[in-house]
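Working notes, structure below.
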Amino acid sequence: MKVVKSPVCRFMIVPLALIGMSCASSNPPVSPMPVVVSEQMQPLAPGDAIRISSWREAEMTGEYQIDATGKVVLPLLGSVEAADVDPIALQRTLIEAYSEQLRNPEIEITLLHRISILGGVTTPGLYLVDPTMRLADAVALAGGASGSGDIKKTRVLRDGVDVTGAVSMTAPLVNQLESGDQIFIPEKSWIERNGLVLVATLISAGAIIYAATIR
């Protein structure tokens, strides 16, 4: 990797749409600024991932999944313990590690929780959710509600328990969803799906009966 000396450099880490910055130069490295993270943020778990984006180091860009042992292999850093680690501690570890490895790092790091999006959506399955997303954004990952899906009745399940009442439909998911949660879009009832056709049929039938009656 080519190293370019620069008197000023920036380091960005955005796991919760929060940004930490540190600088490195020919002088002794400056300690990175502390990163503030909500105490309610849930740690990552196996199956979750860390997304790295860097316009300067394009080869590092990608999503790196946490394996069954709770570790993730990251560019330049190798294997890092990531599951069940306090989010603040994980951020600080990554900031300090990349500050030592790169002269002028400009990297965005996002912590992603893996959830299931099921039911009446276009493409049900497992998805990695950015904590800055809202519930509608997460559903959009699965192609949005299908023609038979009732988005107004969206439910959130955690270990088989309905926790929909504790989830805001409009607020960011940062402190709301956990790894392994399920977003479930119920199917519309037969009446809801075929109401217009049924009404049209009844109107047509009524018209025929009326016409036959007045003759």
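Within segment 79-188, what percent of beta bridges assigned by DSSP are antiparallel, to the nearest 5?
Percent antiparallel among DSSP bridges in segment 79-188 is about 75.
Describe numerically, in nm with one decimal, the distance between label points set 7 Å from Cα along Cα→Cβ at Thr170 and at Glu100.
4.7
Could you list which residues have their amide H under 5 Å from that of Asp48, counting only those 5 or more apart in sequence or on another chain, with H placed in the peptide plane?
Ile66, Arg114
From the backbone phi of segment 62-77, what are the Karplus-calculated ³J(HN,Hα) couplings (6.51 cos²θ - 1.76 cosθ + 1.60, θ = phi - 60°) in whole Hz, Gly and Pro given as x?
Taking θ as phi minus 60°, the curve returns x, 10, 10, 7, 7, 7, 5, 8, x, 10, 10, 9, 10, x, 6, 9 Hz for segment 62-77.
Mind listing which chymotrypsin sites (Phe, Trp or Tyr not before Pro) in segment 45-123 are in a DSSP loop and have 12 or fewer other Cβ atoms within 10 Å?
Filter output for segment 45-123: Trp55.
Starting from 0.36 nm per residue, how many nanometres of slack lie between Thr123 and Glu108 once their C-alpha separation is accounted for?
Here the answer is 2.6 nm.
What percent do you get for the relative contact order of segment 128-173 when only Cα pairs under 8 Å and 6+ apart count?
This gives 55 percent for segment 128-173.
In nanometres, what is the gap between the two model label sites at Glu59 and Ile88, each 7 Å from Cα along Cα-to-Cβ?
3.7
Keeping every protein chain present and rolling a 1.4 Å probe, give me the accessible area per residue for segment 107-149 in Å².
Here the per-residue accessible area is 35 Å².
The values are calculated or read from the model by the stated rules, or taken from the named source; none is laboratory data. What you see is a predicted model, and the numbers here were worked out from it, not measured in a lab. Every residue, glycine as well, gets a Cβ built from its backbone with ideal geometry; the counts of neighbours run over all protein chains shown. We work out accessible area using only protein heavy atoms, side chains counted, and drop any ligands, DNA or RNA first. Shrake-Rupley method; radii C 1.70, N 1.55, O 1.52, S 1.80 Å.
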